[in-house]
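For reference, the structure discussed in these notes is given below.
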Amino acid sequence: MIEDELVQFDKSINEFWNKFINTVSDTSCQMMGLRDAYKDSMKAFAEKLSVKLKEEDRMVEMFLEYQNQICKQNKLIQEKKDNLLKLIAEVKCKKQEIEVLTTNIQNLKEEYAKKKETISTANKAIEERLKRLQKSADLYKCRLGLEIRKIYGDKLQFIFTNIDPKHPESPFMFSLHLNEERDYEVSDSSPHLECLAEFQENLRKTNNFSAFLANIRKAFTAMVYN
C-alpha cells in the first residue's frame with residue numbers, strides 16, 4: 001500500500017512537473033511574443049516618429065522659406081513705399097513749381113496786357129503825331145519848299161527849295177539828329193552856314209523848332225541875296 005502511495009505520489013510529482021514545465025514554456029513563449037510585439041510596436045512607432053519628424057522638418061523648412069520670402073517681400077514693399085513717397089514728394093515739388101510758374105505766367109500775361117495797352121495807346125498817339133507832322137511837312141513843303149528825309153545814322157535831312165529866285169529848284173540843306181545826351185546836333189549844311197552852331201545852341205535852349213527852321217531859311221536866303 002505504501003508502494004501504491006509512493007507510485008501515486010511519484011505520478012503526482014511528474015504531473016505537477018509537466019504542468020510546471022508546460023506553464024513555464026507557455027509563459028516564456030508569451031514573454032517572447034510580447035517582446036517581439038513590443039519590438040514591432042517600437043519599430044513601427046519609431047518609423048512613424050521618423051516620418052513625423054521628417055514632416056515637421058519639412059514644415060520648419062517651409063516655414064523658414066516662407067518667412068524668408070515674407071522678409072524679401074516686406075523689403076521690396078518698403079523700397080517701393082520709399083520710392084512712392086519720394087515720387088509723391090517730387091510731384092508735390094513739381095506741383096508747387098507749376099503753381100509758381102502759373103502765377104508768373106499770369107503776372108506776365110497781365111503785365112503784357114498792360115504793356116500792350118500802353119503800346120497801343122502810344123502807337124495811337126504816335127500815329128496822331130505822325131499825321132500832324134505829315135500835315136506840317138506838307139505845309140512846310142508847300143509854303144517854305146521844305147522836304148524832310150531820313151538818311152543814314154538816324155539823321156533827318158532838311159531840304160529847302162524856292163529860295164533862289166533864279167533857280168527855285170536849287171536845294172539848300174542841312175542834317176539834324178539827337179546825340180548820346182539826347183540833344184539836337186546840326187551838321188552837313190550845304191551851302192555852309194557860319195551861324196549854324198549859334199542856331200543849334202538856341203534850339204537846345206528854347207526847343208522852338210519852328211523858329212529854328214525859319215532862322216535857317218532866312219540864313220540861306222541871305223546868302224543868295226548877298
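In what sequence, highest mean first, do 163-172, 96-105 appear when ranked by Cβ atoms within 10 angstrom? Please report the intermediate quantities before stating the final value.
Numbers: 163-172: 13.4, 96-105: 10.4.
The packing order, highest mean first, is 163-172, 96-105.
In square angstrom, what is the accessible area per residue of region 58-102 with a 1.4 angstrom probe? Present the calculation step by step, with values, prior to reporting the outcome.
Values: 4400 Å² over 45 residues.
Ligands and nucleic acids excluded, the figure is 98 Å² per residue.
Given a Förster distance of 45 Å, report the FRET efficiency between Glu99 and Asn123 from their Cβ-Cβ distance, rounded to the nearest 0.05.
Numbers: r = 35 Å, r/R0 = 0.78.
The computed FRET efficiency comes out at 0.80.
How charged is the neighbourhood of Leu193? Take every other residue with its Cβ under 14 Å from the Cβ of Leu193, and add Lys/Arg as +1 and Asp/Glu as -1. Mind showing how you got there, number by number?
On the way: positive: Arg217, Lys218; negative: Asp188, Glu194, Glu198, Glu201.
Residues near Leu193 contribute -2 overall.
Greater than 29 Å separation of Cα atoms is the criterion. Which listed pairs, Lys54/Lys80; Lys114/Lys150; Lys54/Lys81; Lys131/Lys205, meet it?
Details: Lys54/Lys80 38 Å; Lys114/Lys150 32 Å; Lys54/Lys81 39 Å; Lys131/Lys205 27 Å.
Table pairs above 29 Å Cα-Cα are Lys54/Lys80; Lys114/Lys150; Lys54/Lys81.
Using a 10 Å cut-off on Cβ atoms, rank the peptides 186-192, 109-115 from the highest mean neighbour count down.
The most tightly packed comes first, giving 186-192, 109-115.
Taking θ = phi - 60°, what integer Hz values does the Karplus form 6.51 cos²θ - 1.76 cosθ + 1.60 yield along region 90-96, in sequence order, with x for Gly and Pro?
5, 5, 4, 5, 4, 4, 5
Leaving out ligands and nucleic acids, note down the accessible area per residue over region 141-200 with a 1.4 angstrom probe, in whole Å².
I get 66 Å² per residue for region 141-200.
Please find the FRET efficiency linking Tyr112 to Ala211, where r is the Cβ-Cβ separation and R0 is fixed at 41 Å, and quote it to the nearest 0.05.
It comes out at approximately 0.45.
Checking the cross-link filter: which lysines have an alpha carbon closer than 29 Å to that of Lys86, excluding same-chain neighbours under 8 positions apart?
Here the lysines satisfying the reach criterion relative to Lys86 are Lys72, Lys75, Lys94, Lys95.
Sum up the charges of everything whose Cβ sits under 13 Å from the Cβ of Lys80, counting Lys and Arg as +1 and Asp and Glu as -1, but leave Lys80 out. Working shown, then result.
Working: positive: Lys72, Lys75, Lys81, Lys86; negative: Glu79, Asp82.
That works out to +2.
Taking a label point 7 Å from the Cα of Lys155 along the Cα→Cβ vector, which residues of region 189-226 have an amide N closer than 12 Å to it?
Counting only backbone N, you get 189-190.
Can you give the FRET efficiency for Arg58 and Ile88, using 1/(1 + (r/R0)^6), R0 = 35 Å, r = Cβ-Cβ distance, to the nearest 0.05? Please report the intermediate quantities before stating the final value.
Details: r = 43 Å, r/R0 = 1.24.
Step by step, r from the Cβ atoms, then E = 0.20.
The values are calculated or read from the model by the stated rules, or taken from the named source; none is laboratory data. Since the model is a prediction, treat every value here as computed from it, not as a measurement. Neighbour counts are summed over all protein chains in view; Cβ atoms, including those assigned to glycine, are modelled from backbone coordinates with ideal geometry. Heavy atoms of the whole protein, side chains included, go into the accessibility calculation; ligands, DNA and RNA do not. Shrake-Rupley method; radii C 1.70, N 1.55, O 1.52, S 1.80 Å.
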